[in-house]
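To start, the structure under review is shown below, and the notes come after it.
Every read-out reported here was derived from the displayed coordinates using simple, explicitly stated rules and does not represent laboratory data. Keep in mind the model is a prediction, meaning the values are calculated, not measured. When we count neighbours, we look across all protein chains shown, and the Cβ atoms used for this are built from the backbone with ideal geometry, even at glycine.
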Amino acid sequence: MDDEIISMNVRVEGNVQGVGFRDFAVREATGRGLKGWVRNRSDGTVEMVACGLRGDVEAFIATCIAGPRGSRVTACNLQPTELPNGAGFIRRPSM
């Protein structure tokens, strides 16, 4: 059901920091009307929460697996999560 609202925690591993991944994620998510956030983690991964229509979230995840130029995603871990607070898709401080 593409009209179902879902919220997923997405963590990508590989060469994903220092390549513009967070800005890429914000553009892609905003273009799809998703809510959520993205941040770098101290372990070298990028973590995101994406919430919206199932089809839009799935397309966002697929785009993130492909990544921006210069990135190389070697793993993508997905877990359902609670709906994020606030509107829009934002870049959070690194942790």
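Observations, loosely collected:
- Note on segment 80-95: among residues that are of a type outside the set (A, V, I, L, M) and exposed (fewer than 10 other Cβ atoms within 10 Å of the Cβ), the one that is farthest from TRP37 (Cα to Cα) is PRO80.
- Summed over segment 26-72, residues that are within 15 Å of SER94 (Cβ to Cβ), of a type in the set (Phe, Trp, Tyr) and touching a helix residue (DSSP H, G or I) at 6+ places or on another chain (Cβ under 8 Å) total 0.
- For segment 11-42, the candidate set comprises residues that are of a type in the set (D, E, K, R) and free of Cβ contacts under 8 Å to residues at least 40 places away in the same chain; within that set, the residue that is surrounded by the most Cβ atoms within 10 Å (Cβ to Cβ) is GLU28.
- Near pairs, Cβ below 7 angstrom, 6+ apart or cross-chain, from segment 69-95 (in contact (Cβ under 8 Å) with a residue 12 or more places away in the chain) to any residue that is among the aromatic types (Phe, Trp, Tyr): SER71/PHE21; PRO84/TRP37; PHE89/TRP37; ILE90/TRP37; ARG92/TRP37
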